[in-house]
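To keep things clear, I will list the structure first and then write my remarks on it.
The values are calculated or read from the model by the stated rules, or taken from the named source; none is laboratory data. Remember, predicted model here, so these are calculated numbers, not experimental data. No Cβ is skipped: glycine too gets one built from the backbone with ideal geometry, and neighbour counts run over all protein chains shown. Surface accessibility is based on the protein's heavy atoms, side chains included, excluding ligands, DNA and RNA. Shrake-Rupley method; radii C 1.70, N 1.55, O 1.52, S 1.80 Å.
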Amino acid sequence: GHNSHTFDLKLVWVDPGQDKCVLRILTPEEDFSFCTRDPEGQVVWLWKVTHAVCQALRGKKDFPVLGSGSESSVPPDCRCVAYTFRHEGRLYQATYEGDWYWAKPHGKGTLKWPDGRNHVGDFCQGLEHGFGICLVPQASEDKFDCYKCHWREGSMCGYGICEYGTNEVYKGYFQAGLRHGFGVLDSAPQASQSFRYTGHWERGQRSGYGVEDNKERGERYIGMWQADQRHGPGVVVTQAGVCYQGTFQEDKMAGPGILLCEDDSLYEGTFTRDLTLLGKGKVTFPNGFTLDGSFSGETDKGLYTQGVLDTAALPPNPSSTRKRQLGLGAFPVESHWQGVYRPFQDFVRSGCPGELQEALLGFHMQSSRELRESQEYLCCDRSHPKDCAGSMEDILKELLQYREPQALQQYLRKALSNPRHPLGKLLRTLMLTFQATYSGIGANKHLQGMAQEEVKQHAQKLWAAYRGLLKVALQRQGQTLQEEDVETRDLQVHGLLLPLILPSFYSELFTLYLLLHEREDGLYSQGITSLSLFSDTKLLEFLDVQKHLWPLKDLWLTSNQRYSLVRDKCFLSATECLQKIITTVDPREKLEVLEKTYGEIESTVSRVLGREHKLPMDDLLPLLIYVVSRARIQHLGAEIHLIRDMMEPIHTGGLHDFLLTALESCYEHIQKEDVRLHHLPGHWNSRELW
């Protein structure tokens, strides 16, 4: 026809194909063929076009005669050229500058659109594939959405960090360009309705288990989601300390549920969608009184009830109110955070390829808000894919070198503390979810049981993750990993891994124990204060310690002193030893401190008697109470219960279990002591106490 088409020779590829009379020409936007009368014609055209392409790539204008010239006449398959797309479609008017392979963007490159859109990263066969950074301008001036993600065949897939023009930030996983899997969405810091969601997504919507903070309402929701709404079993914790547990439908609570107040008042019954008591229910007050009946009322007119008030009940046992824990029955810990574990499991199943480590396990990158208008946003704290592949090979080789228990413990400690190690990345994500659930508003004593079980579940999953990596490492060596029985697994989880990860969750977990045992620890502190008024000899006498066991030789007196005035000198080594129980978070080390304290008490008694002496229980308990009262350990009840909950099952029934039970007895006895200087109660029977 009469239309002319111009093609940049630098972006022309020639494919002779199978047909010796056809020459196929490939360009970025068009493919077409030349048909010749005979094979000789194809050879001539092939030579002419390829030489023209070579000349264009070399920047030369002269054209050699057929068959002459020593330079190579075969143009490279891979080239680096800039090109602006002209045809209608996804890349219309976009300028690509970067690597090409057979007329397709392939390798590293940059796409720029006239409207300000920008994509910098990896390409494969003309599509975004691999890591890339995409800037999308918003209608308002100087506002961009910045996507720093992994891409697959043109859409976001895998882990990514997205900073939106609205100042919202999403860090998590994508699939087919939509949020899918585990992710964290933060609202703008100055937003009128500030929120943070940590949990699972499905096709761009919140679905599955998740935690949302709503700062405007001052509450945190922990539970199940569906189609961007609270749906299914859930728990709401408020800043006032009130907790709700029930079933949610379309973002509202409906049907029967539980309401727990900070003073341990309990309501069991039905609610309206606005969490107002409505219908049949039962209220249990802190003093044990119960009110069973029907409830109704409006927010501005108060609450109306018709029922039976029972005032004959005795006050509930504090241990029974402590058992009022939320969340455990509604959604077992096994169902929590599956979206966190799943990418790791996919990574292991695929054989731990280094090039997929970032896409499946995530990466760290600094914020790029202030760098969006420059090319500096290309610089980030990421490992090069080749480095990831190399480091993964090294990690798997190193795994095989540390199989013995002591060496394995050192290796796991190092791996878990390394933010670039797969196990370290997984642990940090689990720490994030734990803080999102149990810090701040979530620091509620009624969530202690769920938090404790969640930590144990994380230990199991991390052990399974280590075993998964070990299996891949052995497979690469042509070996297989032997299956382990449940008993062996539990010993490794509680004895090896749990002590290593507990420091990562200890702050939030111990806070929950403090809140749960606040009342008992308050009574204990009063008892310690009262007992501290006694001198050493008066306290030993009050505790009914036999006089031949008193270490009077340790009481160094001045000329004006008497035994009755000396304090904090007897059993000093045992007291100082017991005080070390708060210097470690490892339950096993705490129990070892308790065992050493027991040893110091016996050592002091043996020194006083001049011979080795094993203390019977009647003598040990009063001496241990003396040491505990002089050690003045704060929050001893929280310490004891954490040790009891987190100790290795292998210690049950052994010496450590015996000593911990003795320490519990001392703690309970001191709670009952509100001694005044002018009033000394009678002696107690240590055998009855035990």
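Results for (1) touching a Gly at 6+ places or on another chain (Cβ under 7 Å); (2) closer than 29 Å to residue 242 by Cα; (3) at pLDDT 85 or above, shown as yes or no for each residue.
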site: 314; (1), (2), (3): yes, yes, no
site: 317; (1), (2), (3): no, yes, no
site: 321; (1), (2), (3): no, yes, no
site: 324; (1), (2), (3): no, yes, no
site: 338; (1), (2), (3): no, yes, yes
site: 344; (1), (2), (3): no, no, yes
Subject >> Number of the condition not met by residue 83 [criteria: (1) out of contact with any helix residue (DSSP H, G or I) (no Cβ under 7 Å at 6 or more places or on another chain); (2) open to solvent by 20 Å² or more (accessible area, probe 1.4 Å); (3) farther than 27 Å from residue 139 by Cβ] >> reply: (1)
Subject >> Members of segment 614-631 that are assigned to a loop (DSSP other than H, G, I, E, B) and either surrounded by 16 or more Cβ atoms within 10 Å (Cβ to Cβ) or at pLDDT 90 or above (or both) >> reply: 615
Subject >> Candidates 220, 196, filtered to the one that is touching a helix residue (DSSP H, G or I) at 6+ places or on another chain (Cβ under 8 Å), surrounded by 21 or more Cβ atoms within 10 Å (Cβ to Cβ) and outside any loop (DSSP other than H, G, I, E, B) >> reply: 220
Subject >> Check on residue 540, within 16 Å of residue 624 (Cβ to Cβ), outside any loop (DSSP other than H, G, I, E, B), modelled with pLDDT of 90 or more and of a type outside the set (Asp, Glu) >> reply: no
**OP:** Return the residue satisfying two criteria in turn: it lies in segment 652-672 and is open to solvent by 30 Å² or more (accessible area, probe 1.4 Å) and either more than 23 Å from residue 488 (Cα to Cα) or touching a Lys or Arg at 6+ places or on another chain (Cβ under 8 Å) (or both), and of such residues it is modelled with the lowest pLDDT.
**Re:** 672
Original post:
Does residue 490 qualify as being more than 21 Å from residue 410 (Cβ to Cβ), touching a His at 6+ places or on another chain (Cβ under 6 Å) and touching a residue at least 24 places away in the same chain (Cβ under 8 Å)?
Top reply: no
**OP:** Under 6 Å between Cβ atoms, at least 6 apart or on separate chains: pull out the pairs that start in segment 497-524 with a residue that is on the phi > 0 side of the Ramachandran plot and part of a helix (DSSP H, G or I) and end on any residue that is of a type in the set (Lys, Arg) and crowded, with 21+ Cβ neighbours inside 10 Å.
**Re:** none
Original post:
Just one of the numbered conditions (1) modelled with pLDDT under 90; (2) over 30 Å from residue 450 (Cα atoms) is not true of residue 475; which one?
Top reply: (1)
Original post:
Taking interchain pairs and intrachain pairs at least six residues apart, which have beta carbon atoms under 7 angstrom, with the first residue in segment 265-292 and in a loop (DSSP other than H, G, I, E, B) and the second charged (D, E, K, R)?
Top reply: 273/252; 286/263; 286/264; 289/310
**OP:** Using the structure shown, decide if residue 262 is surrounded by fewer than 18 Cβ atoms within 10 Å (Cβ to Cβ), part of a loop (DSSP other than H, G, I, E, B) and free of Cβ contacts under 8 Å to residues at least 60 places away in the same chain.
**Re:** yes
**OP:** Taking the options 459, 473, 465, name whichever one is farther than 30 Å from residue 442 by Cα, open to solvent by less than 50 Å² (accessible area, probe 1.4 Å) and in contact with a helix residue (DSSP H, G or I) (Cβ under 8 Å, 6 or more places away or on another chain).
**Re:** 473
Subject >> Residue pairs meeting the criteria (Cβ under 6 Å; at least 6 apart or on separate chains; first assigned to a loop (DSSP other than H, G, I, E, B), in segment 585-608; second open to solvent by 10 Å² or more (accessible area, probe 1.4 Å)) >> reply: 585/503; 585/506; 586/499
Subject >> Residues that are within 22 Å of residue 230 (Cβ to Cβ) and among the hydroxyl-bearing types (Ser, Thr, Tyr), drawn from segment 255-296 >> reply: 267, 270, 272, 276
**OP:** Please work out which one of (1) closer than 30 Å to residue 95 by Cβ; (2) open to solvent by 80 Å² or more (accessible area, probe 1.4 Å); (3) not hydrophobic (A, V, I, L, M, F, W, C) is the condition residue 27 fails and give its number.
**Re:** (2)
Original post:
What number goes with the only condition from (1) without any contact (Cβ under 8 Å) to a residue 40 or more places away in the chain; (2) under 30 Å from residue 464 (Cα atoms); (3) open to solvent by 50 Å² or more (accessible area, probe 1.4 Å) that residue 529 does not pass?
Top reply: (2)
